[in-house]
Ligand SMILES: Cc1ncc(COP(=O)(O)O)c(C=O)c1O
């Protein structure tokens, strides 16, 4: 099995996604550092003693979910959280079920780990809902892990506890675990935050502050898992990045201590932007899509013409970007992100509409 050594999506995201009318980003506009009550003294000392995690951050994460710090591993973003969790669970050749369409980095990371990747569908005609029966059909006695995102990237579909519980039952039947990437679950803004972690010991959760709160610069991510797996992940982390940057750990603790304004700003921005997006979507006969209920991204199907040709037109003539659906293995769709500031978002959607009009005409 040939090992995957790069992510085509990340290369595109880093080199090609930026534009004046950027609808490609999936996270929120940056939260200002001045919005956190931080002094230089709060960041001192710059380093901490070597330990498995920074106690204050471990406690903040555990308190957030009402669980023990023994169930928590802090990691550099959801990306590292996913890589660590999957690496600790899987041996090369192990069978994994991954949703389709999927966030490409999950596929690439599993390819790097030389997993035997099988897919199950989230169907556009069902609003990309997770269907436990699809997983039941795909699972085998060899399956070690089921990988899903909730909310789903790219569609933002939300899975209910009932659905997740049913998936947990299917996994338990063959002794597999369920990795739920909940980085966009944060955008539902439940208080306290809901997580599939409480649904059973087979659930392994990853998330971060990077996408929904505009705090991507802190790279504050985490894994929630049962204590044996947590210990294995900490030992593995010694091979990957040893410790997170300590000033980022300190800033992350400060962010958790002052979370209400961070979350309020995120919720307000997304509520406003979602209304603007839904008005835009309702006006487009050339896109097939449900209105967005939660989340930061939507994944319409372009009813006529090539999405790649449309993306070229949007970039070259209208200075805009969306994410081509090919990165999600659905080349007749594209992804729109709505996490930008509101006025730029409005302008970007107007540009997108003008580009779609020209493309259709
Ligand atoms: C489902 C999903 N997980 C993880 C990530 C990466 O998140 P982070 O920036 O926290 O590493 C992304 C980014 O787009 C994502 O869509």
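The values are calculated or read from the model by the stated rules, or taken from the named source; none is laboratory data. The model shown is predicted, which means the values in this text are computed figures rather than measured ones. A quick note on method: Cβ atoms are made from the backbone with ideal geometry, for glycine too, and the neighbour counts reach across all protein chains shown.
Consider residue 149 against the criteria (1) closer than 30 Å to residue 92 by Cβ; (2) more than 15 Å from the ligand (Cβ to nearest atom): it satisfies all of them except one. Which criterion is unmet? Only one criterion in (1) closer than 30 Å to residue 92 by Cβ; (2) more than 15 Å from the ligand (Cβ to nearest atom) is unmet by residue 149, namely (2). For the residues 207, 216, the requirement of being surrounded by fewer than 21 Cβ atoms within 10 Å (Cβ to Cβ), within 22 Å of residue 256 (Cβ to Cβ), at pLDDT 95 or above and near the ligand (Cβ under 10 Å from one of its atoms) singles out 216.
Residue 334 satisfies every condition listed in (1) under 28 Å from residue 208 (Cβ atoms); (2) touching a helix residue (DSSP H, G or I) at 6+ places or on another chain (Cβ under 7 Å); (3) touching a residue at least 60 places away in the same chain (Cβ under 8 Å); (4) outside any loop (DSSP other than H, G, I, E, B) except (3).
Does residue 62 meet the test of being outside any loop (DSSP other than H, G, I, E, B) and in contact with a strand residue (DSSP E or B) (Cβ under 8 Å, 6 or more places away or on another chain)?
Values: outside any loop (DSSP other than H, G, I, E, B): yes; in contact with a strand residue (DSSP E or B) (Cβ under 8 Å, 6 or more places away or on another chain): yes.
Against the criterion (outside any loop (DSSP other than H, G, I, E, B) and in contact with a strand residue (DSSP E or B) (Cβ under 8 Å, 6 or more places away or on another chain)), residue 62 qualifies.
Over 21 Å from residue 292 (Cα atoms), surrounded by fewer than 22 Cβ atoms within 10 Å (Cβ to Cβ) and within 16 Å of the ligand (Cβ to nearest atom): is that true of residue 179 in this structure? Considered against the rule, which asks whether it is over 21 Å from residue 292 (Cα atoms), surrounded by fewer than 22 Cβ atoms within 10 Å (Cβ to Cβ) and within 16 Å of the ligand (Cβ to nearest atom), residue 179 comes out as no.
Exactly one residue out of 134, 95 is over 19 Å from the mean Cα position of the chain (by Cα) and in contact (Cβ under 8 Å) with a residue 40 or more places away in the chain, and it is 95. Please work out which residue is nearest to residue 327 (Cα to Cα), limiting yourself to the stretch 65-79 and to residues that are within 12 Å of the ligand (Cβ to nearest atom) and surrounded by fewer than 23 Cβ atoms within 10 Å (Cβ to Cβ). Only one residue tops the list, namely 79.
If I ask for residues that are within 15 Å of the ligand (Cβ to nearest atom) and in contact with a helix residue (DSSP H, G or I) (Cβ under 8 Å, 6 or more places away or on another chain), which ones from the stretch 88-100 would you list? Correct list: 98 only.
Matching residues to (1) farther than 23 Å from residue 187 by Cα; (2) surrounded by 14 or more Cβ atoms within 10 Å (Cβ to Cβ):
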| site | (1), (2) |
| --- | --- |
| 278 | no, yes |
| 286 | yes, yes |
| 291 | no, no |
| 295 | no, yes |
| 304 | yes, no |
| 313 | yes, yes |
| 317 | yes, no |
| 335 | no, yes |
| 350 | yes, yes |
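Residue count for the stretch 317-361 satisfying the condition of being under 19 Å from residue 278 (Cα atoms) and at pLDDT below 95: 0.
In this structure, residue 130 does satisfy being part of a loop (DSSP other than H, G, I, E, B) and within 16 Å of the ligand (Cβ to nearest atom). The residues of the stretch 219-259 that are within 13 Å of the ligand (Cβ to nearest atom) and touching a residue at least 40 places away in the same chain (Cβ under 8 Å), listed by number, are 219, 220, 221, 222, 223, 241, 244, 252. Only one of the numbered conditions (1) modelled with pLDDT of 95 or more; (2) outside any strand (DSSP E or B); (3) under 21 Å from the mean Cα position of the chain (by Cα); (4) within 27 Å of residue 46 (Cβ to Cβ) is not met by residue 234, and that is (3). Hey, can you tell me all the residues within the stretch 137-166 that are in a helix (DSSP H, G or I) and free of Cβ contacts under 8 Å to residues at least 40 places away in the same chain? If the condition is that a residue be in a helix (DSSP H, G or I) and free of Cβ contacts under 8 Å to residues at least 40 places away in the same chain, then 137, 161, 162, 163, 164, 165, 166 are the ones that fit.
Within the span defined as the stretch 28-51, one or more residues are in a loop (DSSP other than H, G, I, E, B) and within 16 Å of the chain's Cα centre (by Cα).
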